[in-house]
Amino acid sequence: MARSKPSSSKKQPKRGVDFKKIKRKIGRKLPPPKNATNTEIKSKAIILPEQSVASERAGLAVSKKGLTLKELLQQTSHHNAKVRRDALTGIRDLVLKYPAELTLHKLAIIEKLRERISDEDKVVRETLYQLLKLVIFPALKKDVPGSLISLMMAYIFNGMTHLATDIRLMAFKFFDLVVQHYPSSFFMYAEKVLQNYEDILRKNHIYLQDRSKLKNALVGLVRCLSLLPCNRRTVDPSYGKNTETQGSLHAYELEVPKEHTDFSSIIKRLEDILPILVNCFQDFIPLVHPMSSLDAQSFDCMLYLLRSIDLSVKFFLYGIDKHQTDFGVTKPTYNEKDMPVWGEIATPVFLRKFLEVFPLNQLHNTSGKDEDKFFILNIEITEIFLHSNEWIFTSAILMERFLEFIENLLSGKIRFNSRSGKALQEKHLTSLLPFIPRLVSLVANTWKSRLLQAFTMAFKDCKPESTLNLAFLSAIEEMLLPSKRQGILLLDASEPEILDHQITWIRELPVLLVRLGDTLSSLSKVILHLLLRLGQYAPMNSSLAWEYDIMQHTLGEFYSMCLDDGSILYGPFMKLPKDCQELSVCCLYYFSSLDSLLLRSLVYCCLCDNLEPSVLFRIIDVLHSAYKIGHLQLVDLISFFVTLVARWKVLPGRLYTHVENAKKISNRETFKAITGAVCSCLRQMGDDALIFQIVQRVILDEIPLNPPIDNLCGMLRLLVILDSRPTKLSEQSIIILSNSISEYLIDAASYIPENGDEVTDSNQISICQYYLVPCFFLFDRSDKLLNLVLDLMGSSIGEDNSSLACNHDTQHTLDLSSRIVAVVSILLYMHQDIKIRRRLSSCKGEITRILQKMRLQVYTP
Amino acid sequence: MEVVIASSPVDAGIGCWDLHSGAEQLRYRSCTSTPHGLACVGQRFLASSQLRDSSSSSGSILYWSWSKPQVEVKSFPAEPIHPLVSNSDGMYIIGGGSSGAIYFWEVASGRLLKRWHAHYRAVTCLFLSDDESLLVSGAEDGCIRVWSLFMVFDDIGMEMAKNPYEYSFSEHTLRVTDMVSGYGGCNAIIVSASEDRTCKVWSLSRGKLLRSIDFPSIIEAVALDPGEHVFYAGARDGKIYIASINAETTSSNSYGKHIIGTLSDNSKGVTCLAFSKDGILLVSGSEDGTIRVWDAKTHNIVRIYRLAKGPVNNVLVVRRPLYSNRQTSENSHSSFSRRHAPLLPPPLGKYVNSTDENVDSGAVSVPQTPSSDIMDAPYLSYHVLTKQISELQQQSSAATGMEVDRLNLDCKRSVEIVQKWKEMFAYLHKFCVDELLGNDQTQTQ
């Protein structure tokens, strides 16, 4: 059939035509009939600014383009790179607008976004990076479950092993981001991450061309490594008090599971990485030697390489150190069998080789900027050297080179040229200074003196406000005092040269303290702490202790200084915060004999209104304690106390105005407390009779200066407390005392409540008693004093007539009448007291004389 | 019988009162004790380090037996000793010197077993932890150090270790005035008071500061409640502050944080505190020369004793064996009591005797029963034994000569016997050989 068909078609025209045959080709479609309806539908897209056709979105959170989060997330896996990018920016807008959306759907968002970590399109990855960095991570900072991180990590690792190098490097960047925000995540994946770093660094020659990317990867590595534990040599020792949060000490403590990571795997990885890092660095070295300048990218790469080497070396050291000091207090985190591998055998070989490159570019004198770069690199290498110094046996030549570099650095022979160089130099010096003490204790003698020389010079040249001072001080503390951890002296103070340096440092400290003023109280605190430690730990009768004693001459300026014209210049002590003040007061205790000059400047401080009373009491306490262990002369201490009582300024102010002048009242209370403290100190001193003699002498020197009523009252109290019955006062002192007491009584009489007054203020009564009771004690013990005082009172009424005659009459009479009223009220008040009444009865003569004079006065005008 | 003993820096003797009845017992004469310088050695006798003039280079430690008011034994260590402490069975006396050294004596022989440099300044207080394995010392420079007694006597270990002490706490800025420890041996807490107006609570197990409490005055003495809920801090202003250890105190009251109350009697400064064994009665000594007994539960004064005009600086509550009481009351048995009066140990040595230190490093003691015949219990150390042996040998030199003669004779006799045996053997040998040869000859023949 199939064959016949074509042949038949050929034959057909030969036949007769009965009816027309329509030719048809097989397989061809029929043309559409003419009357057929066209069913085709044509459409064109209609682009609307807002696609709010389908659903009601009034209450939903939408992005600028009106897409919901769900839609945006769907779009992130769109095949078009542009759409994906737009979706990411959309998410960003949405989250910024509606932060709640993020917290609600964080899991969904992260789950979707993570797929984009290994996106082929560079722009998409970059957008994602920005999105995570700027929006999502900061917002989620508080509550991020580990599951979220692990969700991301799976894709990041995927990216790290991607074939495309771009994606690979980007994955490291993402990891860096994660670690930046959640540092603990590094330890969870440390081994795998380090493995990946190792791989990528091994093939560094591929990326060497594109240094910026290598740099990015290295930044991440440095960040990760800096999370590893190491021996932190904190520049600022934490003098702060521990947390006082714990309420009850014996309470059951919830054992917080510490982040327990198995370091052994990290150690192995690091051991593999370290040689690669070193190799990588050495690949860069050819770039250094030609005269061409070093470009910024490769410089950064080198710097980061060095940093990572430094950090891993530090980590090894930490392990070794920890192993040695493990007392079982902290859980040993390393397996015993791992320990010997630790750096001690494997690492030094190539490290030594690596250190041989030092110093970089010493010969070529290129442009200034480059020099700075090399300088920074050199410092980094030095730091690595110093870290490793303890366990690498270095050759003497290399050692010399390093030491010379350090010396030059300290003495300032090498300097930065650029403008910001000063700050940079300080920063780098700060990182090197903590090594100085150990270095000095280890190196040979010639170098020891050279290093110390440079160190001392640098310390002296250091500006007071410089941050370097902290580093200097901690180094000095280490070299002066037995270290806290080991309890042995690092330097042998018996060598005269070392001692010279130590003395120079000690002498510099008070000077620095005074120069600092109150500008940097934290630094002042560190200095004061150092001084205190020095006082505590300096061996007795050693030259250091002697030097500490000498220091008090310069320390006087720290408290206050009496200028030539008699005015007082207060030192920084007055302005420092309270904890510094307390520290400096504690320092006083350790001077083996307190100088009277220092005491004088201290007394000026005490008399200043601005000094807080609590500090004043501390000073009294400490001086008393110092006296007890024989660091203070008895006479000095007593004259200090009496001066304090005699000169302390009680603010004038009537007592009954206590509503408005609460402060003035409290001031008087403070004075009472001071008097009380001084009294209790005096009583504890021992031999009362001897102390009374001294106190009496000092007080009699003060009394002619006409002290205010409060101070006189205080002094009388001191006398009363030490005195016994009958009085031990000498004749002469009774005469002097009687003079001032008569005046004092007349002054105090104004506080006596008037007889007729029914509602007498209880406060006023107590004040009146406060003033009069010491006098009564004295009268009770000495009749002679009472007689003299009464005489004087009488004569003061009588003599006024002649001496004040020139005064205005009205004034005079007013004055006189008030005086008479005072005398009368005193006498009446004395009469109320039973003991004194008995005494008064023996001096009837004086009283009648007073009365006569009064009558005379009243009737004469 | 539980008694309160108290001493003063002025010469007022050591007062002794029955805690429960209040009756005064013997007063032991001529004692000017240093702060923390009174100790009762194993309930057997009293020891006190004495205040000396700063000029004299040596210190002095005196012993009194319970029965006699006079000083019985005087010893003069190389430097003035401030605090003095003894372990519970009275084997050792430990003293802290003014140079910062700690002295360790064996009581029975008086030998100075060890002297080591502990502090940079004078030692102010010492105590042993309740298991007596740790010694805690405080110094004038505010430093507190914890020593393990095992380590102190381990010379090799000392050299190996980075630091000889277990811990060194240097948070106090001024002199440490008193310290007290809780229960639990090396896991206990310590409370220390200092002239810097703070008390600090430390953990011995963790070696760190747990709490620092600021007080309104200098704290001179601390005592710990047996339940360790609170501690009592006797201040220079005459009050005894109660500070909480175990209670949550959130609101700071008038005294300051963690201070929950005071015991106050408007007296002069409190200088020393001690708890009775039952943990209810708190005994405080004051600057004004009186000793107050407080009921710690009700905060009331139970009793007041008066020691002297001068200040009291040591108060102890100790158990005193009963027999000595009987001895004072019954004069008729004086001869009996004299026979029983214990011999006090020899004075304490001045220097470490290095020559015989290697020979006898261990001490042998026989544990005593805390009964009335406590004094009769043998109490001998190896050192004493060796001394006695050597004395014995010296005494019997004549006897040994005779012994040697006898031994010589023995020897001679033995030699003769040996000779005889030898002859016998030779004879037998000869006989046997002859016999054999004779047989052979007869056979051949």
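The values are calculated or read from the model by the stated rules, or taken from the named source; none is laboratory data. Here the structure is a predicted model, which is why all the values come from computation and not from measurement. Cβ coordinates were reconstructed from backbone atoms using ideal geometry, including for glycine residues, and neighbour counts include every protein chain displayed.
Would you say B:Ser254 is out of contact with any strand residue (DSSP E or B) (no Cβ under 9 Å at 6 or more places or on another chain), small (Gly, Ala, Ser) and free of Cβ contacts under 8 Å to residues at least 40 places away in the same chain? Judged against the criteria, B:Ser254 is a match. Checked against (1) more than 14 Å from chain B (Cβ to nearest Cβ); (2) surrounded by 19 or more Cβ atoms within 10 Å (Cβ to Cβ); (3) of a type outside the set (A, V, I, L, M, F, W, C), A:Arg533 passes all but a single condition, namely (1). Residues that are within 14 Å of chain A (Cβ to nearest Cβ) and over 19 Å from B:Leu84 (Cα atoms) within the stretch B:128-152 comprise just one, B:Met151. Taken together, B:Ser254, B:Ser205, B:Ser168 contain a single residue that is surrounded by fewer than 21 Cβ atoms within 10 Å (Cβ to Cβ), part of a strand (DSSP E or B) and either more than 12 Å from every other protein chain (Cβ to nearest Cβ) or hydroxyl-bearing (Ser, Thr, Tyr) (or both), which is B:Ser168.
Does the stretch A:265-276 contain any residue that is of a type in the set (S, T, N, Q), at pLDDT below 70 and under 39 Å from the mean Cα position of the chain (by Cα)? No, there is no match, as no residue in the stretch A:265-276 is of a type in the set (S, T, N, Q), at pLDDT below 70 and under 39 Å from the mean Cα position of the chain (by Cα).
Exactly one residue out of B:Ile213, B:Ile242, B:Ile260 is within 12 Å of chain A (Cβ to nearest Cβ) and in a strand (DSSP E or B): that is B:Ile213. Taking (1) within 30 Å of the chain's Cα centre (by Cα); (2) away from chain B (no Cβ under 14 Å); (3) modelled with pLDDT of 85 or more in turn, A:Leu611 satisfies each apart from (3).
Of all residues in the stretch B:178-185, one or more are surrounded by 18 or more Cβ atoms within 10 Å (Cβ to Cβ), over 30 Å from A:Ala673 (Cα atoms) and either basic (Lys, Arg) or more than 10 Å from chain A (Cβ to nearest Cβ) (or both). If the condition is being under 23 Å from B:Trp105 (Cα atoms) and at the interface with another protein chain (Cβ under 8 Å from one of its Cβ atoms), then the stretch B:153-162 contributes no residue at all. Does at least one position in the stretch B:64-80 carry a residue that is touching a residue at least 12 places away in the same chain (Cβ under 8 Å) and within 14 Å of another protein chain (Cβ to nearest Cβ)? Yes - at least one qualifying residue is present in the stretch B:64-80. Screening the candidates A:Ser524, A:Ser567, A:Ser542 for the property of being closer than 22 Å to A:Pro464 by Cα and not hydrophobic (A, V, I, L, M, F, W, C) yields one hit, A:Ser524.
Inside the stretch B:218-239, residues that are more than 8 Å from chain A (Cβ to nearest Cβ) and assigned to a loop (DSSP other than H, G, I, E, B) make up a count of 5.
Looking at A:Leu72, A:Leu67, can you tell me which residue is at pLDDT below 80 and surrounded by 15 or more Cβ atoms within 10 Å (Cβ to Cβ)? Outline the logic, then answer.
Values: A:Leu72 fails: at pLDDT below 80.
Answer to the selection: A:Leu67.
Condition check for A:Leu594 on (1) in a helix (DSSP H, G or I); (2) out of contact with any Cys (no Cβ under 6 Å at 6 or more places or on another chain): one failure, at (1). Restricting the first member to the stretch A:141-159 and to residues that are charged (D, E, K, R) and modelled with pLDDT under 75, and the second to residues that are in a helix (DSSP H, G or I) and surrounded by fewer than 19 Cβ atoms within 10 Å (Cβ to Cβ), the beta-carbon pairs closer than 8 Å and six or more apart or on different chains are A:Lys141/A:His181; A:Asp143/A:Thr103.
When residues in the stretch B:17-58 are screened for being more than 14 Å from chain A (Cβ to nearest Cβ) and either in contact with a Lys or Arg (Cβ under 7 Å, 6 or more places away or on another chain) or β-branched (Val, Ile, Thr) (or both), 3 of them pass. Residue count for the stretch A:563-584 under the criterion of being away from chain B (no Cβ under 14 Å) and within 29 Å of the chain's Cα centre (by Cα): the result is 8.
Residue count for the stretch B:378-407 satisfying the condition of being over 22 Å from B:Leu112 (Cβ atoms), among the β-branched types (Val, Ile, Thr) and at pLDDT 80 or above: 2. Would you confirm whether any residue within the stretch B:157-165 is of a type in the set (Asp, Glu), more than 12 Å from the chain's Cα centre (by Cα) and modelled with pLDDT under 85? Yes, the stretch B:157-165 contains at least one residue that is of a type in the set (Asp, Glu), more than 12 Å from the chain's Cα centre (by Cα) and modelled with pLDDT under 85. Under the condition of being surrounded by fewer than 22 Cβ atoms within 10 Å (Cβ to Cβ) and under 17 Å from B:His36 (Cα atoms), the residues counted in the stretch B:101-121 number 2.
Only one of B:Val41, B:Val73, B:Val4 is crowded, with 17+ Cβ neighbours inside 10 Å, at pLDDT 85 or above and over 28 Å from B:Ser109 (Cβ atoms); which? Give the steps one after another, and end with the answer.
Numbers: B:Val41 fails: over 28 Å from B:Ser109 (Cβ atoms); B:Val73 fails: over 28 Å from B:Ser109 (Cβ atoms).
Of the residues listed, the single one that is crowded, with 17+ Cβ neighbours inside 10 Å, at pLDDT 85 or above and over 28 Å from B:Ser109 (Cβ atoms) is B:Val4.
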